[in-house]
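Colleague: Quick one: the structure is below, questions incoming.
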């Protein structure tokens, strides 16, 4: 608990993942404030750019960021930045990642291969992360060990399932990430 009159620690967390995996939904579920969205209606012009396989009913897409805020305790406030999922926004994605302490990476078993580009980028940036498989109603379910092997995750990377629409499930995923960040501080933070 902070001393009276002191401010809580503010931590930047990314909510990342491929196109259509539920990042905007998760921020909406987690945020204690009205979230900021930069969603636009998908048009026929984008049909040749955005692969809708596995997300046919998607009508909107994030074109910059989503933003929400979640207070975990009097001493800790998380700023949640949702990243765009399309490859064409990679430079924007890298800018959003600056200063982040960690990332919650969402995956979808209907399109698991789409997660590799985001996971590679997270690892290149040296961000600690947890992977959360969003449980869509029509998505196949697999044992976590099978998913860990398919995603080629390190043994200490948290992996869990979550329904991004469910508050308790989403909070549990966020707490798993924060617990992992506390247990495995970044190398540059440990050196200071």
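Taken together, the values in this text are just the output of simple stated rules run on the coordinates, not laboratory data. Everything quoted here is computed from the prediction, not taken from an experiment. Here Cβ is always computed from backbone atoms with ideal geometry, including for glycine, and neighbour counts include all displayed protein chains.
Colleague: Any chance you could run the full-extension gain for residue 10 through residue 152? It's 0.36 nm times the residue separation minus the Cα-Cα distance, nm to one decimal.
Modeller: On the way: separation 142, 0.36 × 142 = 51.12 nm, distance 3.13 nm.
Net length gain for the segment: 48.0 nm.
Colleague: May I pose another question? Roughly how many whole Å is it from the C-alpha centroid of region 111-141 to that of region 142-167?
Modeller: 8
Colleague: Please sort 115-121, 141-147 by packing, taking for each peptide the average over its residues of neighbouring beta carbons within 10 angstrom, highest first.
Modeller: Working: 115-121: 17.6, 141-147: 12.3.
Going from most to least packed, we get 115-121, 141-147.
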